[in-house]
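Only the coordinates and a few stated rules stand behind these numbers; no lab work does. These figures come from a predicted structure and were not determined experimentally. When we count neighbours, we look across all protein chains shown, and the Cβ atoms used for this are built from the backbone with ideal geometry, even at glycine.
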Amino acid sequence: MKLRKPKKQVLEIYVNLETKFFKHHKPYGTLLQDISPEKRNLKKEFEGLIKQKNAFFRFAEFEGKVAGYIYGLIEKIGDNEKGWKKKGELNSIVILPEFRGKGIAKFMTNEFLSWLKSKGIRYAEMSCNVKNTGMLKFAKKLKFKEQHIKFGKLL
């Protein structure tokens, strides 16, 4: 298992991962749904992710095949009791269904957290849909603590 930085020529892998990710999350029925991959400019999005500074965007390879990706970044934060100026934000973990349960997400997350530590970051957050029980269990397994619940309402 290894992580690699994506190159521009692997756009089609990103498109495949995003399409499967969207289909997996659609049943959660959030009020503010993500835009389907067909309606997004995935090429521009992908190129932006590759160029972004203070970001960790990596493809996971398992047995010679791309199994998924992780995307996280360093963000500035407001005043807090610790005096920290920045935090890590784990934004996306996408694993293709046939590769789940093989420790890939844990490996990717640990690599992201190590990267944050190397940048002097002392705090990281992640979020997921409240109905995504797999991700909730995963976060707790990695010792992330529940802190907030976000509510939404259509007007």
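Cross-link partners for K23 among the lysines, with Cα-Cα distance under 18 Å and sequence neighbours closer than 8 places in the same chain left out: K39, K131.
Taken one residue at a time, the phi angles of the stretch 110-120 give Karplus couplings (6.51, -1.76, 1.60, θ = phi - 60°) of 4, 5, 4, 5, 5, 4, 4, 4, 5, 9, x Hz. Gly and Pro are set to x. Counting only C-alpha contacts under 8 Å and six or more residues apart, can you give the relative contact order of the stretch 2-141 as a whole percent? It rounds to 21 percent for the stretch 2-141. The charge dipole of the chain, taken about its Cα centre with unit charges on the Cβ of Lys, Arg, Asp and Glu (plus for the first two, minus for the last two), comes to roughly 300 debye. Within the stretch 71-102, find all residues whose amide N lies under 11 Å from a label point positioned 7 Å from the Cα of Y123 along Cα-to-beta-carbon. Counting only backbone N, you get 77-88. Projecting the Cα positions of Y71, V94, S118 onto the charge dipole of the stretch 41-123 (unit charges on Cβ atoms of Lys, Arg, Asp and Glu, taken about the Cα centre) puts S118 furthest along the positive direction. Highest mean packing first, where packing is the average number of other Cβ atoms within 10 Å per residue, the peptides 116-126, 72-82, 144-154, 58-68 line up as 58-68, 116-126, 72-82, 144-154.
Counted by neighbouring Cβ atoms within 10 Å, the residues V15, V10 run from fewest to most as V10, V15. Run through the DSSP bridge list for the chain and note the antiparallel percent, rounded to the nearest 5. Restricted to the chain, the bridges split so that about 85 percent are antiparallel. Only helices enter the 222 nm calculation for the chain: every DSSP H run of n ≥ 4 contributes -39,500 (n - 2.57), and dividing by all residues gives -10000 deg cm²/dmol, rounded to 500. Cross-link reach is defined here as a Cα-Cα straight distance under 14 Å, omitting same-chain residues fewer than 8 places apart; for K2 the aspartates and glutamates meeting it are E61, E63, E111.
Remark on the chain: hydrodynamic radius 16.8 angstrom, per the Kirkwood mean of 1/r across alpha carbon pairs. Applying 1/(1 + (r/R0)^6) with R0 = 35 Å to the Cβ-Cβ distance of N110 and L11 gives a FRET efficiency near 0.85. Applying the Karplus relation 6.51 cos²θ - 1.76 cosθ + 1.60 with θ = phi - 60° to the stretch 56-65 yields 3J(HN,Hα) values of 10, 10, 9, 8, 9, 10, 9, 6, x, 10 Hz, where x marks Gly and Pro.
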